[in-house]
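Undergrad: Next up is a structure, given as structure tokens.
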Amino acid sequence: MPDNHPSLALYGGPPIRTSSFPSAGDASGRSFGAEEKAALNRVIDSGVLWRVGGTEVSTLESEFAEYLGVPQAVASTSGTSALHLAVAAIDPEPGDEIIVPPITDFGTIIGVLAQNAVPVFADVDPLTGCMTADTVAAAISERTRAVIVVHLFGGPAPVEDIISVCRPRGIPVIEDCAQAYLTVPSSGDGFAGTRGDIGCFSLQQFKHISAGDGGLTVTSDAALAERMRHFADKGWPRDGGVRTHHFLGLNYRMTELQAAVARVQLTRLGGIVDSRRELAHRLVKGIDGLSGITGPSDVDSHALWLFPLVLDPGLVGATNNEFAAALVAEGIPASGGYLDRPVHLVPALTERRTYGRSGFPLTSPLARKEWTYEPGLCPVGERMVDETLIVLSWNEKFTESDVDDIAAAIVKVHRYFTNQLEE
Ligand SMILES: *Cc1c(COP(=O)(O)O)cnc(C)c1O
């Protein structure tokens, strides 16, 4: 190893950073305070812990709808259930197809399979990891029943362009905003989640705001909202006073305890996103000009759930996993690829582990064809996960000096690998 540059911690040199960073996994990177405790006490004292006789869940729904400027919000138990509500409201026939991206949480896909629809993967933009109007258009068939657009890491997907492709064909667009609170898509008005037919959010531990778990789905369509409400409560329209079930639903009811915490968290959301953006500007400056490394193109429209970097391995002299391992050794929370593998290559899909050994609905005679999932289906997404994408943990409680350590580590690791290239 040449000694004209600092030796990497990966190879035994001194790390840039030895103390831990604030993490959304515990109190260090979360804001749960006196207000959340008071809210929980209020619910406990009321004796009503479920939504049916309570006020917290219904109030959260109206507060969240108002926050986003949409008429309707429906609470549920998780981001996964929020997405399941959306798919169930659209009510696909078995074997109908729903277009999804290869880089996302598996929760994006679960509701599709649970409603016996087929996930059809559309490839992504090599810098944002989001689907584009072109990749979606290429995946549309006469069986396409919906598209689920994921605003990955909080970066805006081109949802308006995708809507322009889908609306003339009568295909509804669902936005998965689990990572994208207050994301601003590039044209049109309003936050992500309010552009498509339905927007889905998560309150899981690691999301911008949390109630431990929880989900929220928004829409401007009163009929979709009603169907989602009933789907989350056993298909039972309680307001009719009759104990009956209009269609097959589940119990996805959020509790009053979750909603009480979520209502307080919602008051913190603007500050959380602002702080993440401000810190992101600092990192963008700190790593400006490094060859072969691309960060988010517009921090102010991004929610910075994570801070993504895309490497050009030819210019940097390292793949994402090599670079991320060097960052981790420097004490920086980072990971190569975000996922172990793209979603279309997880065993649940490649081995069609769905319902017993049936492979349903991927093998169903009701589907357009027999569906298989293998490498090569989404070459751009696969290359991002395998070679180019790095995600850095990001948190509103980082200090400026935390960000400076992250920048210093990226500069150090970049210098090491690019020097290796020259030698
Ligand atoms: C977290 C997440 C989900 C699922 O949310 P849960 O609350 O964990 O069920 C779905 N989609 C994306 C993009 C996510 O990040």
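The values are calculated or read from the model by the stated rules, or taken from the named source; none is laboratory data. Predicted model, so just to flag it, every value in this text is computed and none were measured. Glycine also receives a Cβ, built like all others from the backbone with ideal geometry; neighbour counts cover every protein chain displayed. These area figures cover heavy atoms from the full protein model, side chains too; ligands, DNA and RNA do not enter into them. Shrake-Rupley method; radii C 1.70, N 1.55, O 1.52, S 1.80 Å.
Undergrad: Quickly work out the Asp404-to-Ala223 label distance, labels modelled 7 Å from Cα along the C-beta direction, and quote it in nm with one decimal.
TA: 5.9 nm
Undergrad: For Cα pairs less than 8 Å apart in space and 6+ apart in sequence, what is the mean separation divided by the residue count of the chain, i.e. the relative contact order in percent?
TA: Numbers: 918 pairs, mean separation 89.8, N = 423.
The normalised contact order for the chain reaches 21 percent.
Undergrad: Working from Cα positions, state the angle (0 to 90°, nearest 10) between the long axis of helix 320-329 and the longest principal axis of the chain.
TA: 70 degrees
Undergrad: Still on this model: Using only Cα atoms and rounding to the nearest 10 degrees, what angle (0 to 90) does helix 256-286 make with the longest principal axis of the chain?
TA: Its long axis makes an angle of about 30 degrees.
Undergrad: Under 25 °C and 0.890 mPa s, how fast does the range 133-242 diffuse according to Stokes-Einstein, given a Kirkwood radius computed over C-alpha pairs? Answer in µm²/s, whole number. Present the calculation step by step, with values, prior to reporting the outcome.
TA: Values: Rh = 15.1 Å.
In µm²/s, the coefficient rounds to 163.
Undergrad: Hey, what's the Cα Rg ratio for the range 307-423 versus the globular rule of thumb, 2.2 N^0.38 Å?
TA: On the way: Rg = 19.2 Å, N = 117, 2.2 N^0.38 = 13.4 Å.
The range 307-423 yields a ratio of 1.43.
Undergrad: Oh, and also: Quick one: work out the % antiparallel among DSSP beta bridges in the chain, nearest 5.
TA: Numbers: 23 of 37 bridges.
DSSP beta bridges in the chain are roughly 60 percent antiparallel.
Undergrad: Classify the chain from the C-alpha gyration tensor, please: rounded if a/c falls under 1.5, else prolate or oblate depending on whether a/b exceeds b/c.
TA: Working: a/c = 2.13, a/b = 1.37, b/c = 1.56.
Since a/c reaches 1.5 but b/c is at least a/b, the shape of the chain is classed as oblate.
Undergrad: Taking amide H positions as placed 1.01 Å from N in the peptide plane, with prolines and chain starts having none, which residues 5 or more places from Arg30, or on another chain, fall under 5 Å of its amide H?
TA: Distant-sequence amide H within range of Arg30: zero hits.
Undergrad: Run through the DSSP bridge list for the range 108-216 and note the antiparallel percent, rounded to the nearest 5.
TA: Values: 3 of 10 bridges.
Roughly 30 percent of the DSSP beta bridges within the range 108-216 come out antiparallel.
Undergrad: While we're looking at this one, here's another question. What whole number of Å gives the distance from the Cα centroid of the range 396-421 to the Cα centroid of the range 50-95?
TA: If we compute the Cα centre of each part, the gap is 41 Å.
Undergrad: Sticking with this structure for a sec: Using modelled amide H (1.01 Å from N, peptide plane; none on Pro or chain starts), what sits under 5 Å from the amide H of Val149, excluding residues fewer than 5 places away?
TA: Ile174, Glu175, Asp176
Undergrad: At a 1.4 Å probe, what is the % contribution of carbon and sulfur to the accessible area of the chain? Walk me through the intermediate numbers first.
TA: On the way: 8790 of 17110 Å².
C and S fraction of accessible area: 51 percent.
Undergrad: Relative contact order, percent, of the range 69-175 when contacts are C-alpha pairs under 8 Å separated by at least 6 residues? Numbers along the way, then the final one.
TA: Working: 177 pairs, mean separation 27.0, N = 107.
Relative contact order here is 25 percent.
Undergrad: Output ³J(HN,Hα) for the range 155-172: one whole-Hz value per residue in order, computed from phi by the Karplus curve 6.51 cos²θ - 1.76 cosθ + 1.60 with θ = phi - 60°, and x for Gly and Pro.
TA: These are the phi-based 3J(HN,Hα) values: x, x, 6, x, 5, 5, 5, 5, 4, 4, 6, 7, 4, x, 8, x, 9, x Hz.
Undergrad: Continuing with the same structure: Would you calculate a helix-derived [θ] at 222 nm for the chain, using -39,500 (n - 2.57) for each DSSP H run of n ≥ 4 and dividing by the full residue count, to the nearest 500?
TA: Details: 13 runs with 148 residues, N = 423.
When only DSSP H runs of four or more count, the value is -10500 deg cm²/dmol.
Undergrad: What are the ³J(HN,Hα) values, in whole Hz, obtained from phi via the Karplus relation 6.51 cos²θ - 1.76 cosθ + 1.60 with θ = phi - 60°, for each residue of the range 308-314 in sequence order, with x given for Gly and Pro?
TA: Karplus values, whole Hz, x for Gly and Pro: x, 10, 10, 9, 9, x, x.
Undergrad: While we're here: Give the separation of the Cα centroids, the range 124-162 to the range 330-378, in Å.
TA: Taking the Cα centre of the range 330-378 as reference, the centre of the range 124-162 is 18 Å away.
Undergrad: To continue, here is another question. Net charge near Ser78: determine it from the other residues with C-beta under 14 Å of the C-beta of Ser78, scoring Lys and Arg +1 and Asp and Glu -1.
TA: Working: positive: Lys207, Arg253; negative: Asp105, Asp176, Asp213.
Charge balance near Ser78 sits at -1.
Undergrad: Using a 1.4 angstrom probe, figure out how much accessible area the chain has per residue, in square angstrom, rounded to the nearest whole.
TA: Values: 17110 Å² over 423 residues.
That works out to 40 Å² per residue.
Undergrad: Let me cross-check Leu10: its accessible surface, 1.4 Å probe, with only protein heavy atoms counted, in Å² to the nearest 10?
TA: Surface accessible to solvent at Leu10 totals approximately 70 Å².
Undergrad: Further question: Taking every DSSP beta bridge with both residues inside the range 161-234, roughly what % is antiparallel (nearest 5)?
TA: Numbers: 5 of 8 bridges.
Percentage antiparallel, nearest 5: 60.
Undergrad: Can I ask one more? Rank these by accessible area, largest first, 1.4 Å probe: Thr132, Thr55. Provide the component values of the computation, followed by the final result.
TA: On the way: Thr132 35, Thr55 85 Å².
Ranking Thr132, Thr55 by accessible area, largest first, yields Thr55, Thr132.
Undergrad: What do you reckon, how do Leu283, Leu49 stack up by accessible area (1.4 Å probe), largest on top? If you can, show how the numbers build up before the last one.
TA: Details: Leu283 0, Leu49 75 Å².
Largest accessible area first, the residues go Leu49, Leu283.
Undergrad: Let me ask something else. Quick one: net charge around Ser364, please, counting Lys, Arg +1 and Asp, Glu -1 for every other residue with C-beta under 13 Å from its C-beta. Don't skip to the answer; put the middle values down first.
TA: Working: positive: Arg143, Arg352, Arg368, Lys369; negative: Glu93, Asp96, Glu97, Glu370.
Taking every Cβ under 13 Å from that of Ser364, the sum is 0.
Undergrad: Under the classification rounded if a/c is under 1.5, otherwise prolate if a/b is larger than b/c and oblate if not, where does the range 45-203 fall, given a ≥ b ≥ c as square roots of the Cα gyration tensor eigenvalues? Don't jump to the answer; show the numbers that get you there.
TA: Numbers: a/c = 2.02, a/b = 1.51, b/c = 1.34.
In terms of gyration-tensor shape, prolate.
Undergrad: Report D for the range 230-380 in µm² per second (integer): Stokes-Einstein, Kirkwood Rh on Cα pairs, 10 °C, 1.306 mPa s. Could the numbers behind the result be given before it?
TA: On the way: Rh = 20.8 Å.
My calculation gives 76 µm²/s for D.
Undergrad: Follow-up. Is the shape of the range 188-274 rounded, prolate or oblate, going by the alpha carbon gyration tensor and its root eigenvalues a ≥ b ≥ c, with a/c under 1.5 for rounded and a/b larger than b/c for prolate? Please report the intermediate quantities before stating the final value.
TA: Values: a/c = 2.74, a/b = 1.53, b/c = 1.79.
Judged from the Cα gyration tensor, the range 188-274 comes out oblate (a/c at least 1.5, b/c at or above a/b).
Undergrad: Right, something else. Just add up the charged neighbours of Ala178: K/R +1, D/E -1, any other residue whose Cβ is under 15 Å from the Cβ of Ala178.
TA: Values: positive: Lys207; negative: Asp105, Glu175, Asp176, Asp213.
For residues surrounding Ala178, the net value is -3.
Undergrad: Need one value: the accessible area of Phe106 in square angstrom, 1.4 angstrom probe, rounded to the nearest 10.
TA: We get 70 Å² for Phe106.
Undergrad: If ligands, DNA and RNA are left out, what is the accessible area of Thr372 with a 1.4 Å probe, given in Å² to the nearest 10?
TA: Counting only protein heavy atoms, Thr372 exposes about 80 Å² to solvent.
Undergrad: Let me know the charge dipole size of the chain about its Cα centre in debye, to the nearest 20, where only the beta-carbon of Lys, Arg (+1) and Asp, Glu (-1) is charged. It would help to have the intermediate numbers written out before the result.
TA: On the way: 33 positive and 52 negative charges, 248 e Å.
The dipole of the chain has a size of about 1180 debye.
Undergrad: Which value in nm describes the separation of the simple spin-label points at Gln420 and Asn41, placed 7 Å from the Cα toward the beta carbon?
TA: Between Gln420 and Asn41, the label points sit 5.6 nm apart.
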